[in-house]
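Have a look at the structure below, then the notes.
Bear in mind that the values in this text are calculations on the coordinates, not laboratory data. None of the values given here were measured: they were computed from a predicted structure. Positions of Cβ are generated from backbone atoms using ideal geometry, with glycine treated the same way; all protein chains shown enter the neighbour counts.
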Amino acid sequence: MRGLLTVPAPATDGAAAFDPDLGWRLHHQVSVRPEPFGALLYHFGTRKLSFLKNRTIVDVVDALGDHPDARSALRAAGVDVDAQAPYVHALGVLVKSNMLVRKEIR
């Protein structure tokens with residue numbers, strides 16, 4: 001019974017599931033502040049703060065707007081295919097917290 005209490009409930013906020021083969025960008029209400037350890041992201045709409053803990057993930061987030069999908073941004077930031085898993089996970093967390101949103105299709 002105790003284990004049942006520790007299972008997180010599924011997200012119901014309507015946030016998009018992260019797919020690295022789609023285009024993503026920073027939410028327009030998110031500000032990025034560079035720091036020696038990486039960067040701080042602050043969402044002015046939700047007042048959430050996120051930490052990017054190394055320069056590589058900062059480079060990936062910065063590159064998202066210039067690439068058609070997240071995998072292209074990862075490659076542009078120098079992340080090899082076999083090393084992408086932790087970065088894909090981090091981007092997924094940023095999507096769940098509404099720091100990243102899908103790019104509009106034009």
| query | Once the dipole of the range 19-100 is set up with Lys and Arg at +1 and Asp and Glu at -1 on Cβ about the Cα centre, which of Asn54, Ala85, Leu64 lies farthest towards its positive end? | reply | Asn54
| message | With +1 assigned to the C-beta of every Lys and Arg and -1 to the C-beta of every Asp and Glu, and no other charges, what is the dipole magnitude of the range 19-100 about the Cα centre in debye, to the nearest 20? | response | 420
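If you take every residue apart from Ala70 with its C-beta less than 15 Å away from the C-beta of Ala70, what net charge results, scoring Lys and Arg +1 and Asp and Glu -1?
Neighbourhood net charge equals -1.
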| Qualifying aspartates and glutamates (Cα of each under 16 Å from Cα of Lys103; at least 8 residues distant if same chain) | Asp19, Asp21, Asp62, Asp66, Asp69
| Global geometry of the range 19-61, whether rounded, prolate or oblate, following the gyration tensor of its Cα atoms and the 1.5 cut on a/c | oblate
| field | Residues whose placed amide H lies under 5 Å from that of His27, excluding near-sequence neighbours | value | Leu100, Val101
| remark: Quick note, the range 53-106: a/c under 1.5 would make it rounded; otherwise a/b > b/c is prolate and the rest oblate (a ≥ b ≥ c, C-alpha gyration tensor); here it is oblate
| task | Output the relative contact order of the range 19-100, whole-number percent, from Cα pairs under 8 angstrom with separation of 6+ residues. | result | 32
